[in-house]
Amino acid sequence: TERTAAALEDQALATMNRVATEYADALDREARRVATMVRLQADRAERLLRTPPDPSAQPWFDDAFDRSDPALALEPRRTAGGVAVQVSLKHQVFRVAPGTSREAVSASAAALVPMTRLYRQLRDPGDAVIRWHYVALENGLSAAWPGHGGYPETYDPRARPWYRAQRDAPGFRWHPPHFDASTQA
C-alpha cells in the first residue's frame, strides 16, 4: 500500500509538473504573440503618421458612434466583462481629448484611417486575449478598434498611468490591467 501510494504520488506530481510547464509555455507563446502584434501596430502607425494622409480618408469620431450613425454598421458585442457595447468592425473610432481641437488632430486621424485594414487582418473572432486595438498620441488624438462610443467627456488617455509610463520610457513593456474608459470592462 505504501509503495502504491508513493508511486501514485510521484505520478501525480509528475503530471502536475508537466501540466504547469505546458501552461507556462502556452502563456509565454501568447505573450510573445501579443508583443509582436503591438510592435507591428506601433510600426504601422508610426509609418502612416510620417506620410501624407489620403485626402479621401474619412475618420469617424466618437460623436458619430454615440448617435449610432448608420454608416458605421454597428453591431452588438459583449466585452470580456459581459458589458454589451455597439461596435463597428468596419471603422475605428477617433477621439479628441478635452482642450484639443478636432482641426489640430485631423491630419493625424486621416493618416491613421488605414490602420483599420491591419486590425481586420489581425482579427481572430475566437481570440479571448486581444479584443481591442488602441492608439494614443501626444497631440490629444486617440483611436480604438473596433470603433465604439461611450467615452466619458473628460477622457484623455494622456492622463492615464499606462500612457504616462509608456511616454516616459518608450519601448514595449507590460502594464497592469486597467478598465477601459468607455466600456468599464
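Numerical summary
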| read-out | value |
| --- | --- |
| Heavy-atom accessible area order for Tyr23, Tyr134, largest first, 1.4 Å probe | Tyr23, Tyr134 |
| J(HN,Hα) series, the stretch 166-183, from Karplus relation 6.51 cos²θ - 1.76 cosθ + 1.60, nearest Hz, glycine and proline x | 5, 4, 6, 9, x, x, 5, 7, 8, 10, x, x, 8, 8, 5, 5, 8, 9 |
| At 1.567 mPa s and 4 °C, Stokes D of the stretch 63-147 from Kirkwood alpha-carbon radius, µm² per second | 95 µm²/s |
| Segment Asp28-Arg67, length gained on full extension (0.36 nm per residue, minus Cα span) | 9.9 nm |
| Karplus (6.51, -1.76, 1.60) ³J(HN,Hα), θ = phi - 60°, over the stretch 72-77, in Hz, Gly and Pro reported as x | 7, 6, 5, 9, x, 8 |
| Under 5 Å, built H, 5+ apart or other chain: amide partners of Trp60 | Phe94 |
| Hull shadow area, averaged, the stretch 103-150 [alpha-carbon convex hull, nm²] | 4.1 nm² |
| Area of Val19 that stays accessible when all protein chains are in place (1.4 Å probe, Å², to 10) | 80 Å² |
| Scattering profile of the chain at q = 0.09, 0.12, 0.15, 0.19 Å⁻¹ [log10 I(q)/I(0), Debye over alpha-carbon scatterers] | -0.41, -0.63, -0.93, -1.47 |
| Sequence-separation-based contact order of the chain, relative, with Cα cut under 8 Å and 6+ spacing, percent | 24 percent |
| Viscosity 1.002 mPa s, 20 °C: Kirkwood-radius Stokes-Einstein D of the stretch 48-105 over Cα pairs, µm²/s | 160 µm²/s |
| Efficiency of FRET between Asp43 and Ala14 - r from beta-carbon atoms, R0 45 angstrom, step 0.05 | 0.55 |
| Accessible area (Å², per residue) of the chain, counting only protein heavy atoms and a probe of 1.4 Å | 62 Å² |
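The values are calculated or read from the model by the stated rules, or taken from the named source; none is laboratory data. Owing to the predicted nature of the structure, the values given are computational and were not obtained by experimental measurement. Backbone-built Cβ (ideal geometry, glycine too); neighbour counts: all protein chains shown. The area values use the complete protein model at the heavy-atom level, side chains included, leaving out ligands, DNA and RNA. Shrake-Rupley method; radii C 1.70, N 1.55, O 1.52, S 1.80 Å.
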